[in-house]
1. For the range 20-47, what are the residues that are in contact (Cβ under 8 Å) with a residue 40 or more places away in the chain and either closer than 19 Å to LEU92 by Cβ or part of a loop (DSSP other than H, G, I, E, B) (or both)?
2. Spot the failing condition for ARG73; the list is (1) open to solvent by 20 Å² or more (accessible area, probe 1.4 Å); (2) over 26 Å from THR93 (Cβ atoms), and only one is missed.
3. Under 6 Å between Cβ atoms, at least 6 apart or on separate chains: pull out the pairs that start in the range 1-16 with a residue that is part of a loop (DSSP other than H, G, I, E, B) and end on any residue that is surrounded by fewer than 22 Cβ atoms within 10 Å (Cβ to Cβ).
4. Kindly state which helices (runs of 4 or more DSSP H) lie completely within the range 61-154 and contain at least 1 residues that are of a type in the set (Gly, Ala, Ser) and under 28 Å from ALA50 (Cα atoms).
5. Does ILE85 fit the bill of being open to solvent by 70 Å² or more (accessible area, probe 1.4 Å), in contact (Cβ under 8 Å) with a residue 12 or more places away in the chain and β-branched (Val, Ile, Thr)?
6. Give me the pairs, please: first residue somewhere in the range 165-176 and within 14 Å of GLY122 (Cβ to Cβ), second residue anywhere and basic (Lys, Arg) and part of a helix (DSSP H, G or I), beta-carbon distance under 6 Å, and either six or more positions apart or on two chains.
7. Name the single residue that is surrounded by the most Cβ atoms within 10 Å (Cβ to Cβ) among those in the range 164-180 being modelled with pLDDT of 95 or more and touching a strand residue (DSSP E or B) at 6+ places or on another chain (Cβ under 6 Å).
8. Which residues, taken from the range 56-70, are surrounded by 18 or more Cβ atoms within 10 Å (Cβ to Cβ) and either over 18 Å from VAL195 (Cα atoms) or touching a helix residue (DSSP H, G or I) at 6+ places or on another chain (Cβ under 7 Å) (or both)?
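The values are calculated or read from the model by the stated rules, or taken from the named source; none is laboratory data. All values reported here derive from a predicted model rather than from experimental measurement. Note: ideal-geometry Cβ built from the backbone for every residue, glycine included; neighbour counts use all protein chains shown. Note: areas computed on protein heavy atoms with side chains; ligands, DNA, RNA excluded. Shrake-Rupley method; radii C 1.70, N 1.55, O 1.52, S 1.80 Å.
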Amino acid sequence: MAVPVLYFIRHGETDWNVEGRLQGQSDIPLNDVGRVQADQAGRKLRDIMARPEDLPWLVSPLARTRETAERARRAIGLPSVSYQIDDRLKELTFGAWEGHTWKELRRVDNAGVEARFADKWGYVPPDRAESYAMLRDRIAGWLEHVDRDSIVVSHGGVARVLFVILTGMNPDEAADAPIWQGKLIVFREGRADWV
């Protein structure tokens, strides 16, 4: 069976993105730049697809992804709230590290930060956090239920594991891949194209 095409939109910018804070599953809203990025993502989607309304929109439940989806849909003339929420599309959680910058964490947990940078894919931060490897398992389970081309609005970590699962990218390379806010990535036929 052919793998469906995924039109993946990373949520727009938040104030925590600007400040370099680890968001994880903290529910941080878009800022003004992020709202513009979400509108632009919708228009890009319209430019590359004849009928984006014909595909399911699968969206992380966090506020920044929901607002991105709603703004993108409005930008192309679709009802803003006609999409499906899926908890499995949440960002990985950084546990006790959420809300902190790397500089702040180095002051309180330098050994943990060093361990994470030595193994970005496999390291699990403290307090019920996830690694990229754990997120990969969650997203692989979700992908088993995606049976048609879809528009996905989610997070940078989810994009990184999709690069590994769908394109065969090396996990260490994927962990360092730049995944910009508000950008559209098309995953199809074993490759990923930025739009």
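1. Those that are in contact (Cβ under 8 Å) with a residue 40 or more places away in the chain and either closer than 19 Å to LEU92 by Cβ or part of a loop (DSSP other than H, G, I, E, B) (or both): GLY20, ARG21, LEU22, GLN23, GLY24, GLN25, SER26.
2. Every condition holds for ARG73 apart from (1).
3. Going by the 6 Å Cβ cut-off, the qualifying pairs are PRO4/VAL146; PRO4/ARG148; PRO4/ASP149; VAL5/ASP149; VAL5/ARG188; GLU13/ASN31; GLU13/VAL33.
4. In the range 61-154, 63-75 are the helices (runs of 4 or more DSSP H) which contain 1 or more residues that are of a type in the set (Gly, Ala, Ser) and under 28 Å from ALA50 (Cα atoms).
5. Taking the combined requirement at face value, the residue satisfies it.
6. If the second residue must be basic (Lys, Arg) and part of a helix (DSSP H, G or I), the pairs left are ALA174/ARG160.
7. LEU166
8. Hits for the range 56-70 are TRP57, LEU58, VAL59, SER60, LEU62, ARG64, THR65, ARG66, GLU67, THR68, GLU70.
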